[in-house]
Amino acid sequence: MKYVIAPSVLSADFARLGEEVKTVADAGAQYIHLDIMDGVYVPPITFGPAVVKAIRPYTDKVFDAHLMMEEPGRMIEDFADAGADIITVHAEGCRHLDRVLQQISACGKKCGVALNPATPLTALVQVMDQVDMILLMTVNPGYGGQKFIPYTLEKVRTLRAMLNDAGLSTDIEVDGGISLENAETVARAGANILVAGSAVYGGDAAANTRAFVDILSRI
Ligand code: DX5
Ligand code: ZN
């Protein structure tokens, strides 16, 4: 299994976003996690395709766009054109999830589906074999710096078992409350892509990225 640290720029300095991205990329982050919030699906508004496009030249690492949006199908092409490599949509935000996933694949991008903590894994059964990544929220979406919700750990284990039973090696990304303290635990439970916002940008972003890379390299 390939383990990846995906720093979330949500906790970065937005006035210096390009350099903040470069800092973690140079320190070994393989993915850059971009939290797109529309003020409807979640209360805050972050940024859209224009900002993704503006920071694209700062690194060639994977741009992992997490769309916390109501009906993201309206903007898939915009994020694809802006330079997103993986586009993840929330099952709860799409009336026609299957269609939106097809739309992402048709743009030549990797597609992901995200579930909130309280959304059951059964929401994935029909689409599991057509997604490249499944994002399990380990906090309620909308804000950085929240506490990891303990019951989601068992959800990661159950999902990895479901995927194994289906003969799939799909990536499982965990997002929310991930720290240097719990990184190994969530990875051993079956997650292989770890998003970290405040645990990276809350201090020395380069040193924190290297510490995550080190933990994941020993699993
Ligand atoms: C939350 C976002 C997360 C957020 C994580 O809605 O999806 O990606 O940045 O932040 P931390 O790591 O601080 O919990
Ligand atoms: Zn996210």
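Each value in this text was obtained by applying a stated rule to the coordinates, not by laboratory testing. Nothing here was measured: the structure is a model prediction, and the numbers come from that model. Backbone-built Cβ (ideal geometry, glycine too); neighbour counts: all protein chains shown.
Points worth noting:
- Semi-axes of the equivalent ellipsoid for the chain, Cα gyration tensor, largest first, Å: 23, 22, 16
- Among beta bridges identified by DSSP and lying wholly in the chain, the antiparallel ones come to about 5 percent.
- Over region 1-124: Kirkwood hydrodynamic radius from C-alpha pairwise inverse distances, Å: 14.8
- Summing Lys and Arg as +1 and Asp and Glu as -1 over all other residues whose Cβ lies under 14 Å from the Cβ of Asp38 gives a net charge of -4.
- Neighbourhood net charge (11 Å Cβ-Cβ; Lys/Arg +1, Asp/Glu -1) for Arg56: -1
- The trypsin sites (Lys or Arg not before Pro) of region 1-99 meeting both criteria, a DSSP state outside H, G, I, E and B (loop) and at most 11 other C-beta atoms within 10 angstrom of the site's C-beta, are Lys2, Arg95.
- Of all DSSP-defined beta bridges confined to region 35-162, some 5% are antiparallel rather than parallel.
- Residues Leu153, Leu101 arranged by fewest to most Cβ contacts within 10 Å: Leu153, Leu101
- By the helix-only formula, in which each DSSP H run with n ≥ 4 contributes -39500 (n - 2.57) and the sum is divided by residues, the chain has a 222 nm mean residue ellipticity of -9500 deg cm²/dmol.
- Each part reduced to its alpha carbon centroid, region 53-125 and region 1-44 end up 15 Å apart.
- Under-5 Å amide H pairs with Leu135, H placed in peptide plane, nonlocal only: Val113, Ala114, Leu115, Glu173
- The magnitude of the dipole of the chain, with charges of +1 and -1 set on the Cβ of Lys/Arg and Asp/Glu and taken from the Cα centre, is near 260 debye.
- Extension gain, Arg74 back to Thr122 (0.36 nm per residue minus Cα-Cα distance, nm): 14.7 nm
- The GluC sites (Glu not before Pro) found in region 88-195 that occupy coil by DSSP, while having at most 12 further C-beta atoms within 10 Å, are Glu181.
- Residue list for region 107-124, given a label point 7 angstrom along the Cα-to-Cβ vector of Thr46 and an amide N cut-off under 20 Å: 109-119
- For region 51-118, diffusion coefficient by Stokes-Einstein and Kirkwood Rh (Cα), 25 °C, 0.890 mPa s, µm²/s: 203
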